[in-house]
Every structure is written in structure tokens, then in C-alpha cells.
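A.B. asks: One structure follows; several queries about it will come next.
The values are calculated or read from the model by the stated rules, or taken from the named source; none is laboratory data. All figures in this text were calculated on a predicted structure; none of them were measured in a lab. Positions of Cβ are backbone-derived with ideal geometry, glycine not excepted, and every protein chain shown enters the neighbour counts.
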């Protein structure tokens, strides 16, 4: 059976995150979106872990459900750590996801980190003065059958391969423990095809998750697994073995929509392709300081093969989507948080069973039975990749255009779609 899984997100206890990120809301919103397994997020935070222990009950080995809910949503124990440490004469800042097999693992990890002076109550994504390698070593000593996964691996500031504080290879970071890393998270600003250009990643699973800081962003990226009997062990095994029969595909942002796809300076409104950055020798023409080197540039720097050399069938496939609220907003030419969009989103996800069922499965005829022609057309265009992309850069999200103003005007006059 197919399970859509979003396994990197946060709780209300994390900085810069919405107070709506509670277990109850995650359970409810996951059902609306069509997500079957969702991360708890932030299990290292004492208050959040107390809620996890008291409100979740094990439904399958290593997977939990909310006691008072009948939604069917399953939870996996997940956390993101911020490792800030020195290595090779350089300060490294890496975000690392840990997926835990059971509550006892979490208890032991939290106790171990607290004993080392880590202030876990300071943030849902705590800053710990340990290297990524040391964190992995601690986790392995507790239970080898957990998953440590470098988060958004290409992000300039906190990615394993990031241009600002990352490494040039997995081995450079984890050294002799590298063989215990079975996956990396590609992040919003890269997609699997970009990562396929590095042969050093061929034996790693490429996972995708939302890193949601609010419930509305849940599922903006996700993984689709074929699970016989859902359990942490089965997910662990399919990722460790990179089982392409069970790891069906990932659901992706168009990477241009991510905040760090291109190079540039947000304050100076300079957005460059890698070629433009190279031509300018990396210096911003406005402030004369080095631009922030983005994901596309960094991938090209480390790549050892060209896209034309890649055989896609050798890898886990992916599907690039745009969240349904953004498609509706573009169809109306309004903001995605407007009441008009929210009303249409609610009606469409109800009639279409879930957001992912609408985005992935319903054909044009089925869509036309439950929504307007322009929204149905927008969903089909996104599936086919027929969108205009303006890349994000230096912390600014990219822009995606599905319809032109002319098309929206003609549609309003009943002359289109």
C-alpha cells in the first residue's frame, strides 16, 4: 500500500514556527492533505516530548497515532538538530535530522545530550555544540537501527554541502562513520535530478520533506513508500537498502521556487545564475561584497557528470508539484492566504478526498466535476511542468506563474477554458 510521508517538520516549540503546530493540528491537516505518516518534529524539546509520551500511542512498531483521533494519521518520532562546530579550520553549521525507532531511543538521546550540556529546552531545533559526526556516534551507540539524515543538504548556511559552511563530500564530514549515513534530504532548492549529477550520492537515498514551520506548508515535499505492514523497521530498511520497489517516488517543489536556488543578494535585489556569478567573479555589483552562492551553483561545482549522462531509470523517480492553494491563488490572481483561496481549497479537498489525491490522481474530467475549468487546467499544467519559473535566491522564495494576466482576464469573460 502506498504511504505518503512527510518526516521533517517542526512543532510550536521551535523558533520562527507557528503556534498551530500541535500534534492535534498535524493529525487533522495531514488527513486533509492526504499524508499518511507525518513526523512529530522536535522530540528533543522537553515540553513537546512530554506531549508525545502522553498523547501518542503505538499503532505499529515505531509508528504512533493520536489517542483521541480516528483519522488514521501515523506519527514517526523525528527531530532536527543544529550542529555548530569547528572542522578543518572552519566553523561548520549543519542541520541534521534524526528519525527514531521508538520512545526509549528518544529518552536515551535526550538524556545523553542534556548530560553533555546541550540546552534542549531552548528551541525545538536545538543548537548543540557537537559535530555532526559526534551526534551520529551517540545515536549509533543507542541504537544502530535509527536514521541520521543531513537536512536540506545543499542550503548555503546549514546544509552538508552548503557553500557557506558545508563540506565537499559525505566522507569529509563523517569520516569513518560515513557508511552509517543512508540518505540525504535534497531540500526545497534542489531536486533529485540535480543530485544525480554526483556519483558519490548514487548509494544514498534522496528523501524529500516539507521542513514545515506551519501547518499550511505540511507536505510541500514528501516521500511515497510502498509498505507491506507500516513500521519504522520497514522504512529504515527500504532507505538503507535504497529499495526502488518500495521507495516509489518523491514529491518535489520545482527547485526554482526554493529560497536558495540561484546566487545573489536579497538586500541588493541581485539574482544570478551560476554563469553570471562566475562572470562577475562572485561580487555583487551594488555592495561589492561576495554574493550568496546558491544550490544550483554548488551542485555544478561538485558534480562529476553531466545531465545528459544520467540514466533516470537507475534512480528513484520524482514528481514536481505546486501546493494546491498556490494553484488556486494563481488561477484567481490573488494571494494564497486570501479567504477566496481558503474557501475554494476547503471545498476542493473535501470533494476530491485530499489535496494529494487532487494533485496527483484525478484526471481532467474528474477535476471538472468538482472545480472550475481554470483551476482544473492549472492542476494539469503543473503536472506537465508547463509553468513559468523565476528562481529564488539568498533567502527569497522563487516565483511561479501558471497563468498570464491575459489568460485570467479571458477566463473571467468566459472566453477561455
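A.B. asks: Among the candidates 106, 57, single out the residue that is more than 24 Å from the chain's Cα centre (by Cα) and either in the same structural domain as residue 26 (by TED's automatic domain parsing) or more than 30 Å from residue 24 (Cα to Cα) (or both).
C.D. replies: The unique qualifying residue is 57.
A.B. asks: Something else about it: Can you tell which of 72, 41 is closer than 26 Å to residue 115 by Cα, out of contact with any helix residue (DSSP H, G or I) (no Cβ under 6 Å at 6 or more places or on another chain) and in a loop (DSSP other than H, G, I, E, B)?
C.D. replies: Answer to the check: 41.
A.B. asks: May I pose another question? Look at residue 216 and say whether it is surrounded by fewer than 24 Cβ atoms within 10 Å (Cβ to Cβ), more than 16 Å from the chain's Cα centre (by Cα) and in contact (Cβ under 8 Å) with a residue 40 or more places away in the chain.
C.D. replies: The answer is no for residue 216.
A.B. asks: Also: Consider the range 401-417. How many of its residues are in a loop (DSSP other than H, G, I, E, B), touching a residue at least 40 places away in the same chain (Cβ under 8 Å) and at negative phi?
C.D. replies: Of the residues in the range 401-417, 3 are in a loop (DSSP other than H, G, I, E, B), touching a residue at least 40 places away in the same chain (Cβ under 8 Å) and at negative phi.
A.B. asks: Continuing with this model, one more query. Go through (1) closer than 20 Å to residue 404 by Cβ; (2) buried (at least 17 other Cβ atoms within 10 Å of the Cβ); (3) under 25 Å from the mean Cα position of the chain (by Cα) and name the single condition residue 374 misses.
C.D. replies: Condition not satisfied by residue 374: (3).
A.B. asks: For residue 388, state whether it is under 21 Å from residue 191 (Cα atoms) and either modelled with pLDDT of 95 or more or outside the structural domain of residue 157 (by TED's automatic domain parsing) (or both).
C.D. replies: Considered against the rule, which asks whether it is under 21 Å from residue 191 (Cα atoms) and either modelled with pLDDT of 95 or more or outside the structural domain of residue 157 (by TED's automatic domain parsing) (or both), residue 388 comes out as yes.
A.B. asks: For the range 173-191, which residues satisfy the criterion of being surrounded by fewer than 22 Cβ atoms within 10 Å (Cβ to Cβ) and either under 16 Å from the mean Cα position of the chain (by Cα) or touching a residue at least 60 places away in the same chain (Cβ under 8 Å) (or both)?
C.D. replies: Result: 182, single match.
A.B. asks: Pick from 226, 211: which is closer than 25 Å to residue 178 by Cα and in the same structural domain as residue 59 (by TED's automatic domain parsing)?
C.D. replies: Being closer than 25 Å to residue 178 by Cα and in the same structural domain as residue 59 (by TED's automatic domain parsing) holds for just one of 226, 211, which is 211.
Each row is one residue, and each column tells you yes or no for (1) surrounded by 15 or more Cβ atoms within 10 Å (Cβ to Cβ); (2) outside the structural domain of residue 19 (by TED's automatic domain parsing); (3) in contact (Cβ under 8 Å) with a residue 60 or more places away in the chain; (4) within 24 Å of the chain's Cα centre (by Cα).
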residue: 114; (1), (2), (3), (4): no, no, no, no
residue: 117; (1), (2), (3), (4): no, no, no, no
residue: 120; (1), (2), (3), (4): yes, no, yes, yes
residue: 129; (1), (2), (3), (4): no, no, no, no
residue: 132; (1), (2), (3), (4): yes, no, no, yes
residue: 154; (1), (2), (3), (4): yes, no, yes, yes
residue: 157; (1), (2), (3), (4): yes, no, yes, yes
residue: 168; (1), (2), (3), (4): no, no, yes, yes
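A.B. asks: Are any of the residues in the range 379-387 in contact (Cβ under 8 Å) with a residue 60 or more places away in the chain, on the phi > 0 side of the Ramachandran plot and buried (at least 17 other Cβ atoms within 10 Å of the Cβ)?
C.D. replies: So far as the range 379-387 goes, no, none of its residues is in contact (Cβ under 8 Å) with a residue 60 or more places away in the chain, on the phi > 0 side of the Ramachandran plot and buried (at least 17 other Cβ atoms within 10 Å of the Cβ).
A.B. asks: Within the range 269-284, restricting attention to residues that are more than 27 Å from the chain's Cα centre (by Cα) and at positive phi, which residue is surrounded by the most Cβ atoms within 10 Å (Cβ to Cβ)?
C.D. replies: So the residue we want is 282.
A.B. asks: Select from the range 134-144 the residues that are more than 18 Å from residue 40 (Cβ to Cβ) and in contact with a helix residue (DSSP H, G or I) (Cβ under 8 Å, 6 or more places away or on another chain) and write down the one among them that is surrounded by the fewest Cβ atoms within 10 Å (Cβ to Cβ).
C.D. replies: In this case the residue turns out to be 144.
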